[in-house]
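Before any comments, here is the structure.
The values are calculated or read from the model by the stated rules, or taken from the named source; none is laboratory data. These numbers come from a predicted model, not from an experiment. Neighbour counts run over all protein chains shown; Cβ positions are idealised from the backbone, glycine included. All accessible areas refer to the heavy atoms of the entire protein, side chains included, with ligands and DNA or RNA removed. Shrake-Rupley method; radii C 1.70, N 1.55, O 1.52, S 1.80 Å.
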Amino acid sequence: MKNEGSKIVKWLLIGISLLFAFLFLLLPLFTVISEALRNGWAAYKEAVTDEYTISAIWLTVEATVIAVLINTIFGLFAAWSVTKFYFRGKKLMTTMIDIPVTVSPIIAGLIFLLTFGRQSPIYPYLQAANIQIVFAVPGIVLATVFVTFPFISRELIPVLESQGTDEEEAAALMGASGLTIFRRVTFPHIKWAFLYGIVLCAARAMGEFGAVSVLSGHLRGKTNTLPLHVEILFNEFRYVPAFAVSSILVMMAVVILIIRSVVEYRGKGAE
Amino acid sequence: MYVELKNINKSFGDFKASDNISFGIEKGKLIGLLGPSGSGKTTILRMIAGLETPDSGEIIIDGKVINNIPASKREIGFVFQNYALFRYMTVYENIAFGLRVRKNDKKSIDKRVKELINLVGLEGMEKRYPSQLSGGQKQRVAFARALAPNPQLLLLDEPFAAIDAKVRQELRSWLKEMILKLGVTSIFVTHDQDEAIEVADELIITNNGKIEQTGTPLEIYQNPETAFTASFFGQTSIIGDYTRFKTFSKVENASSAIVRPEFIKITKKGEVQKFRSSAVSGIVERTLFRGSNIELTVRVGDVLLTARRALDEPIISVGETVDVFIYRLFVTVGNKARIIENESLRENSIVI
């Protein structure tokens with residue numbers, strides 16, 4: 001009797017989860033692809049190979065790569081210092097790392113707009129140095145870095161914490177240099193969490209819309225990333241190209257998902 | 001003195017981990033740093049290794065002040081409490097690590113690692129990872145790894161804490177034998193009195209960041225100098241007013257007395273007891289079978305005493321009134337402890 005009951009609960013839960021996944025994940029995905037291909041392969045190809053689309057792809061890739069690079073370095077340093085040392089303001093720092101995920105991206109964009117825009121006291125100096133941040137590529141990169149700020153360090157901190165410092169101390173006592181200790185002792189341990197953090201960071205960077213939208217100025221071919229490009233096309237009622245460009249993002253996301261699963265699987269295997 | 005600490009102080013915030021610590025260790029000795037948790041023994045070990053820096057004082061090894069020499073240059077072997085084996089390296093790589101860092105040539109590394117694997121009896125396990133080893137095996141790897149670069153000083157932090165009781169016993173004798181064979185000066189930290197007494201040539205007793213007493217285990221056990229050392233070994237009972245027990249001479253300014261179980265003789269009312277006239281009555285509150293003996297908790301007035309009885313003696317049950325005779329006790333005056341014997345023992349020897 002009891003067994004029957006738990007069986008019903010089991011299938012009910014699985015059914016609801018599957019239904020949700022279908023309604024909210026698979027159906028939209030399917031819609032994107034079918035809408036993109038509604039006018040045939042030629043129209044799709046035209047939309048995807050459009051000059052502005054290509055430049056949007058490159059800008060998205062550029063912003064993503066730079067954000068991942070910067071956050072990899074920052075994430076490693078931050079996670080390392082938080083877990084291996086004791087210092088004043090450590091709690092404050094761990095809290096601050098989380099700001100980008102708690103603040104709305106639009107507000108993040110506005111903050112940068114006010115910090116580097118015309119109203120800012122440092123604007124004249126930027127102008128004099130011929131540096132343009134707002135409504136230019138540096139602004140987009142900056143916004144992307146900001147919103148993906150915590151992803152890598154957040155993945156690393158728990159792993160480093162659980163490891164403690166004993167192994168590093170043991171290696172140091174045997175005369176190993178800091179670099180050797182990192183390479184031989186610490187890195188093998190954090191490798192999978194680290195890769196996972198990079199994957200998450202990249203996924204988030206590619207899809208970033210809010211903060212980038214505020215800082216970009218929507219200059220087609222110049223400061224348009226893929227998500228912004230989709231929005232512009234959509235607002236111009238050009239649905240097929242909008243969905244076609246979206247499908248590129250979807251494919252990038254699927255690739256990232258596959259990488260993520262592989263990383264996760266191999267990481268588990270290594271445990 | 002091979003290793004010497006002079007007036008070492010170390011605080012962590014408000015917590016004073018080392019309070020003016022000074023001691024010396026001779027070359028080739030196996031020293032036990034014994035104290036309750038939080039007494040500062042691990043801090044002393046970590047300062048000698050260079051993992052902590054003393055706030056003041058000098059650490060001298062082989063005649064050189066080493067305070068400013070970084071841990072990596074001190075040539076000290078260290079065995080961590082949880083071994084801290086490199087979990088992504090095999091047994092072989094773990095042991096070879098310290099030698100590879102030194103950039104020794106491959107052949108000599110291989111020779112040394114094989115030598116150590118033989119020494120600790122782990123032949124055939126070279127390719128295993130730490131997660132595939134038992135506690136005792138990990139301990140052996142940690143030991144071999146610390147010894148690989150031929151350190152002049154070996155430090156061990158609670159080396160047996162993470163091993164189950166049966167294997168621990170075995171490893172103790174093994175470790176003592178190893179260290180004796182190699183002749184490397186060693187200091188190990190422990191909170192376990194039995195372990196310290198069994199393994200160490202000499203003990204350093206720490207409490208509250210201070211050193212209470214140093215000496216051989218036998219000396220310290222038989223002649224504790226301070227109240228803390230007197231009460232630290234065995235299941236001691238504290239007696240406020242010891243004069244309630246018969247035939248002890250009075251000590252001026254005595255604050256209390258400490259009794260070990262082996263100082264107490266419990267007899268049934270009808271049993272033969274040579275010192276019956278010097279015994280007092282007590283009531284048994286608890287009996288506990290301890291395997292090799294029976295532990296009794298006996299109340300005499302407001303004092304609870306822990307004593308033992310052999311298994312072949314007549315059984316005593318809870319609630320029974322018994323005779324309690326105390327052979328000797330440690331009387332504490334301030335922080336000092338001194339031993340006093342029951343006077344009836346002396347009278348007896350005169351009669352005979």
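Remark: accessible surface ordering of B:Val303, B:Val65, B:Val333 (largest first) is B:Val65, B:Val333, B:Val303, probe radius 1.4 Å.
Here is the size of the stretch B:231-347 from its Cα atoms: Rg then Dmax, 13.9, 41 Å. For the stretch B:1-132, the fraction of C-alpha pairs more than 22 angstrom apart is 50%. Under the rule a/c < 1.5 gives rounded, and otherwise a/b versus b/c splits prolate from oblate, where does the stretch A:41-270 land using the Cα gyration tensor? It comes out oblate by the Cα gyration axes. Summed over qualifying helices (DSSP H, 4 residues or more, each -39500 (n - 2.57)) and divided by its residue number, chain A shows a 222 nm mean residue ellipticity of -24000 deg cm²/dmol.
Express in whole angstrom the spacing between the alpha-carbon centres of the stretch B:322-342 and the stretch A:4-41. Distance between centres, Cα-based: 82 Å.
Would you mind telling me the antiparallel percentage of the DSSP bridges in the protein assembly as shown, rounded to 5?
Beta bridges within the protein assembly as shown, antiparallel portion: roughly 75 percent.
Rolling a 1.4 Å probe across the protein heavy atoms gives the stretch A:1-102 an accessible surface of 73 Å² per residue. Per-residue SASA remark: B:Ser292, around 90 Å² accessible (1.4 Å probe; ligands, DNA and RNA not included). Values of log10 I(q)/I(0) for chain B across q = 0.11 Å⁻¹ run -0.84, by the Debye formula with one identical scatterer at each alpha carbon and no solvent.
For the stretch B:56-202, the average shadow cast by the Cα convex hull is 9.8 nm², which is a quarter of the hull's surface.
Computed on protein heavy atoms with a 1.4 Å probe, the accessible areas place B:His191, A:His189 in the order B:His191, A:His189, largest first. The Kirkwood hydrodynamic radius of the protein assembly as shown, based on inverse pair distances between different Cα atoms, is 31.1 Å. Ordering B:Glu123, B:Glu177, B:Glu313, A:Glu168 by accessible surface, largest first, gives B:Glu177, B:Glu123, B:Glu313, A:Glu168; the 1.4 Å probe counts only protein heavy atoms, with every chain in place.
Among the trypsin sites (Lys or Arg not before Pro) in the stretch B:243-289, those located in a DSSP loop and surrounded by at most 16 other Cβ atoms within 10 Å of their own Cβ are B:Lys246, B:Lys250, B:Lys269, B:Lys274.
Given the DSSP H assignment, sum -39500 (n - 2.57) over each helix run of at least 4 residues in chain B and divide by its residue total; what's the result at 222 nm in deg cm²/dmol, nearest 500?
Details: 9 runs with 93 residues, N = 352.
It lands at -8000 deg cm²/dmol.
Look at the Cα gyration tensor of the stretch A:55-111: its axes a ≥ b ≥ c give a/c of at least 1.5 with a/b at or below b/c, and that counts as oblate. Rounded to the nearest 20, the Cβ-based charge dipole of the stretch A:91-203 about its Cα centre (Lys and Arg +1, Asp and Glu -1) stands at 420 debye.
Take each residue in A:161-172, count the other chain C-beta atoms within 10 Å of its C-beta, and the mean is 5. Bridging of B:Lys111 to lysines at a Cα separation below 23 Å is possible for B:Lys103, B:Lys127, B:Lys138, B:Lys181, once same-chain residues fewer than 8 apart are set aside. Rounded to the nearest 20 debye, the dipole size of the protein assembly as shown about its Cα centre is 620 debye, using +1 on the Cβ of Lys and Arg and -1 on the Cβ of Asp and Glu.
For a quick check of your reading of the filter: which chymotrypsin sites (Phe, Trp or Tyr not before Pro) in the stretch A:1-99 sit in a DSSP loop and have no more than 16 other Cβ atoms within 10 Å?
Here the sparse-neighbourhood loop sites are A:Phe85, A:Tyr86, A:Phe87.
Leaving out ligands, DNA and RNA, and with a 1.4 Å probe, what % of the accessible surface on the stretch B:231-347 is carbon or sulfur? Here carbon and sulfur together make up 52 percent of the probe-accessible area.
Dipole magnitude for the stretch B:184-281: about 980 debye, using +1 per Lys or Arg Cβ and -1 per Asp or Glu Cβ, origin at the Cα centre. Neighbours of A:Ser216 by Cβ distance under 15 Å: Lys/Arg scored +1, Asp/Glu scored -1, total -1.
Per residue of A:173-185, count partner chain C-beta atoms within 10 Å of its C-beta, then hand back the mean as an integer.
Average neighbour count from other chains, rounded to a whole number: 6.
Ligands, DNA and RNA left out, the accessible area of the stretch B:3-224 computed with a 1.4 Å probe is 46% carbon and sulfur.
With θ taken as phi - 60° and the Karplus curve 6.51 cos²θ - 1.76 cosθ + 1.60 applied, the whole-hertz 3J(HN,Hα) list for the stretch A:71-84 is 6, 5, 5, 4, x, 4, 4, 5, 4, 4, 5, 5, 8, 9 Hz, x standing for glycine and proline. A:Arg154 contributes an accessible area of around 90 Å² to the protein surface, as traced by a 1.4 Å probe with all chains present.
Accessible-area loss of 30 Å² or more (1.4 Å probe, protein heavy atoms, chain alone versus all protein chains) is found in the stretch B:68-90 for B:Ser72, B:Phe80, B:Ala84, B:Phe86, B:Arg87, B:Tyr88, B:Met89. Accessible surface buried by the B/A pair amounts to about 1800 Å², both sides summed, 1.4 Å probe.
Relative contact order of chain A: 32 percent, from C-alpha pairs under 8 Å at least 6 residues apart in sequence.
For A:Leu69 and B:Ile340, the FRET efficiency from 1/(1 + (r/R0)^6), where r spans their Cβ atoms and R0 equals 56 Å, is about 0.15. B:Ile315 contributes an accessible area of around 130 Å² to the protein surface, as traced by a 1.4 Å probe with all chains present.
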